[in-house]
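Q: For reference, the structure I am asking about is given below.
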Amino acid sequence: MQKRNFKILDQVDVQVGQGEILAIIGPNGAGKSSLLSMLANEQSAEGEILFKGKKFERWNGRELAHYKAKFSQEFNADIGLSVSEIVLMGRYPYFDSKPKAKDFEVVENTMKLTDIFSLKNRTYNSLSGGEKQRVHLARVLSQLQNDFSEKLIFLDEPLNNLDVKHQRRILELIREFVQQGNSAVLVLHDLSLAAEFADKMLLLKKGKVVAQGETRKIFRPEFISAAFDFPCHIFKNPYNSHPLVVFGERVSE
Amino acid sequence: MHNKPGIYIIGGFITLFFLGLLSLLIGVYQFESESFIGMVKNGIIGEDTGDNSDWYVFSQIRLPRVVMAMLMGSALAVSGAAMQGMFKNPLATPSLIGVTSGASLFAAIAIVLGNYMLQLLPDFLHELLISLMAFIGAILTMTFVYRMSTTQRKTNVVVMLLAGVAISAMAGAITGFLIYLTDEEELRNLTFWTLGSLGGATWVKNLILALVIGFSYLFLINKGKALNAMMLGEQDAAHLGIPVEKVKKQIVVLTALMVGTCVAFAGAIGFVGLIIPYILRLIFGSNYYMILPLSAVAGSILLLSADTFSRTIVAPSEMPIGVITAFLGAPVFVAILIRYKKSL
């Protein structure tokens with residue numbers, strides 16, 4: 001299996017393989033977003049970031065956009081376009097001035113998957129926070145809809161503002177994407193969801209790695225408590241046997 | 001889902017054509033020839049019609065002026081739209097952020113300093129030098145204002161507009177000083193530099209304008225996708241494969257080139273770059289894929305109408321064209337303020 005290597009200042013050394021979801025977790029200010037931003041080539045980092053064995057600078061920008069996409073945590077609140085026009089931006093790397101039939105097809109499809117198809121003609125500015133979030137997710141997902149393999153998606157807190165149903169929906173879409181031979185790197189706040197969906201975890205605290213590796217090895221009370229400075233306990237969810245984290249001291253009745 | 005600009009552009013050109021014809025026919029001077037078409041026909045094939053003043057007014061005064069109005073209106077509207085995309089703000093226009101004043105100042109300096117030297121140059125080079133200086137003034141101010149007011153995601157509108165006010169004040173003061181210092185006739189006209197006029201239209205100027213505009217549009221008109229994506233934020237645009245820095249550089253250089261040339265030849269005609277994109281946004285949303293090409297046609301229509309109006313409303317005198325564009329533009333300015341009050 002081909003691996004992609006990331007190295008930042010020798011302190012963080014991450015690898016994401018094909019078919020894997022890596023979740024970056026940690027308390028506020030741990031540097032999760034910065035790490036993601038460096039990995040996605042937004043900020044320059046000392047050291048080397050290789051994607052498919054090639055440095056980002058050596059890629060052609062438009063070609064790279066076929067393989068790599070990023071969902072940012074902060075998005076512009078005021079964009080005077082319709083929902084479908086914004087989702088269509090995800091197809092910009094694929095056409096010059098006129099979108100092709102395939103582009104419209106992908107846009108329609110991802111809008112349905114992210115449950116915003118009924119909003120397609122609404123203006124973006126009239127949407128709620130969670131709806132806007134889904135519009136950008138649809139845009140990012142439609143960007144990587146192609147026949148290429150070994151694609152990489154970065155998502156910075158993709159579940160913000162989303163209700164329970166849509167949180168799971170989005171994570172399932174990401175899992176599907178990854179199962180087609182791609183990779184995903186996510187920053188997540190909901191630890192139980194992270195544990196359920198991520199294959200690997202990177203636990204960050206104040207810019208340093210507390211622990212990283214396969215989820216079942218990392219998702220343990222000692223690591224989580226140390227990272228978050230808060231006592232915690234991990235149970236097995238009786239319904240689906242996924243790990244479930246609960247924070248706080250045990251209080252006797 | 002995806003509007004096509006083509007049909008609107010064709011409609012715009014047809015409107016423009018008839019407006020142009022109308023504008024050629026009306027004016028202080030009344031053509032004496034019995035048939036306008038006959039006069040033009042005779043003029044072109046070089047036959048002596050017995051009345052050469054008709055042909056002269058048509059070919060050397062009215063037609064160049066109509067053409068210049070079309071070219072400049074188009075250039076100013078497209079410059080405004082492109083700048084608004086780059087600044088991510090509907091108030092970014094050449095006149096409001098001081099680019100026009102910067103260009104005026106440098107054009108005035110060129111006229112004063114080149115007082116003697118310029119006289120010796122052939123017409124074409126003379127005009128070219130002045131427009132080149134205006135271009136330098138425009139690019140300096142634009143770079144300055146952009147650096148001061150813009151960060152990654154958003155433009156600080158207050159800084160942008162106040163920087164424009166400061167630059168306009170400074171450049172205006174120096175230009176005014178030069179105007180009263182010199183007895184150079186080309187510069188003596190303060191109204192020209194503050195409100196603009198298309199009265200000085202010649203074929204040489206039109207040729208330079210056409211070259212500048214043609215070159216700029218080659219790169220600017222198809223920037224719709226890039227400017228749309230930049231509304232997301234520049235980093236997100238880069239993730240979509242848009243070469244953001246390159247696009248911004250092209251916009252700065254090419255809009256400065258167009259605005260500089262317009263200012264050098266017709267003074268400071270304000271608000272065209274504000275009015276046209278605003279109206280287009282009302283109809284098509286902020287989709288630059290539509291706004292950029294349509295601005296090119298709509299700007300021509302606006303400025304040609306304004307110029308025709310300005311030279312007929314107080315005939316035989318002429319009203320400065322900037323009076324009319326400001327009359328239309330100021331309410332648009334207020335409308336933008338009200339509409340974007342929260343997000344500016």
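Q: From the list A:GLU85, A:GLU105, exactly one residue is more than 7 Å from chain B (Cβ to nearest Cβ) and farther than 22 Å from A:ALA40 by Cβ. Which is it?
A: Answer to the selection: A:GLU105.
Q: From the list B:PHE219, B:PHE265, which residue is assigned to a helix (DSSP H, G or I), touching a helix residue (DSSP H, G or I) at 6+ places or on another chain (Cβ under 7 Å), surrounded by 22 or more Cβ atoms within 10 Å (Cβ to Cβ) and among the aromatic types (Phe, Trp, Tyr)?
A: None of the other options fit; the residue is B:PHE265.
Q: Away from chain A (no Cβ under 14 Å), surrounded by fewer than 23 Cβ atoms within 10 Å (Cβ to Cβ) and either modelled with pLDDT of 95 or more or in contact with a Phe, Trp or Tyr (Cβ under 6 Å, 6 or more places away or on another chain) (or both) - does that describe any residue in region B:243-251?
A: Checked against the condition, which is being away from chain A (no Cβ under 14 Å), surrounded by fewer than 23 Cβ atoms within 10 Å (Cβ to Cβ) and either modelled with pLDDT of 95 or more or in contact with a Phe, Trp or Tyr (Cβ under 6 Å, 6 or more places away or on another chain) (or both), region B:243-251 yields at least one hit.
Q: Name every residue in region A:89-102 that is part of a helix (DSSP H, G or I), at the interface with chain B (Cβ under 7 Å from one of its Cβ atoms) and not hydroxyl-bearing (Ser, Thr, Tyr), in order of residue number.
A: Result: A:MET89, A:PRO93.
Q: Looking at A:GLY61 and the list (1) within 20 Å of A:VAL135 (Cβ to Cβ); (2) surrounded by 14 or more Cβ atoms within 10 Å (Cβ to Cβ); (3) within 11 Å of chain B (Cβ to nearest Cβ), which single condition is not satisfied?
A: (1)
Q: In the set A:ARG250, A:ARG134, which member is farther than 20 Å from A:SER33 by Cα and not in a strand (DSSP E or B)?
A: On inspection, the qualifying residue turns out to be A:ARG250.
Q: Please work out if B:ALA256 is under 14 Å from the mean Cα position of the chain (by Cα), small (Gly, Ala, Ser), at pLDDT 90 or above and in a helix (DSSP H, G or I).
A: Yes, satisfied.
Listed here are the residues, each with its yes/no results for (1) at pLDDT 90 or above; (2) surrounded by 24 or more Cβ atoms within 10 Å (Cβ to Cβ); (3) of a type in the set (Lys, Arg).
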{"position": "B:ILE291", "(1), (2), (3)": "yes, yes, no"}
{"position": "B:SER295", "(1), (2), (3)": "yes, yes, no"}
{"position": "B:ILE301", "(1), (2), (3)": "yes, no, no"}
{"position": "B:PHE327", "(1), (2), (3)": "yes, no, no"}
{"position": "B:VAL332", "(1), (2), (3)": "yes, no, no"}
{"position": "B:ARG339", "(1), (2), (3)": "no, no, yes"}
{"position": "B:LEU344", "(1), (2), (3)": "no, no, no"}
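Q: Go through region A:109-122 residue by residue and tally those that are within 23 Å of the chain's Cα centre (by Cα) and either touching a residue at least 12 places away in the same chain (Cβ under 8 Å) or in a loop (DSSP other than H, G, I, E, B) (or both).
A: Qualifying residue count, region A:109-122: 7.
Q: Moving on to the next point. Among the listed residues A:HIS166, A:HIS136, which satisfies the condition of being over 14 Å from the mean Cα position of the chain (by Cα), modelled with pLDDT of 90 or more and crowded, with 18+ Cβ neighbours inside 10 Å?
A: Of the residues listed, the single one that is over 14 Å from the mean Cα position of the chain (by Cα), modelled with pLDDT of 90 or more and crowded, with 18+ Cβ neighbours inside 10 Å is A:HIS166.
Q: Another question, then. Collect the residues in region B:219-239 that are at the interface with another protein chain (Cβ under 7 Å from one of its Cβ atoms) and within 21 Å of B:GLY285 (Cα to Cα), keeping them in residue-number order.
A: Selection gives B:ASN222, B:LYS225, B:ASN228, B:ALA229, B:MET231, B:LEU232, B:GLY233, B:ASP236.
Q: Please verify whether region A:167-185 includes one or more residues that are small (Gly, Ala, Ser) and without any contact (Cβ under 8 Å) to a residue 60 or more places away in the chain.
A: no
Q: With the checklist (1) outside any loop (DSSP other than H, G, I, E, B); (2) within 11 Å of chain B (Cβ to nearest Cβ); (3) closer than 23 Å to A:GLN167 by Cβ in hand, flag the one item A:ALA77 doesn't pass.
A: Going through the list (1) outside any loop (DSSP other than H, G, I, E, B); (2) within 11 Å of chain B (Cβ to nearest Cβ); (3) closer than 23 Å to A:GLN167 by Cβ, A:ALA77 breaks only (1).
Q: Looking only at region B:261-291, how many residues end up being over 18 Å from the mean Cα position of the chain (by Cα) and among the small types (Gly, Ala, Ser)?
A: Going through region B:261-291 one residue at a time, the tally reaches 2.
The values are calculated or read from the model by the stated rules, or taken from the named source; none is laboratory data. Every value quoted in this text rests on a predicted model; they were computed, and no experiment measured them. All Cβ positions, even for glycine, are placed from backbone atoms using ideal geometry, and neighbour counts span all protein chains on display.
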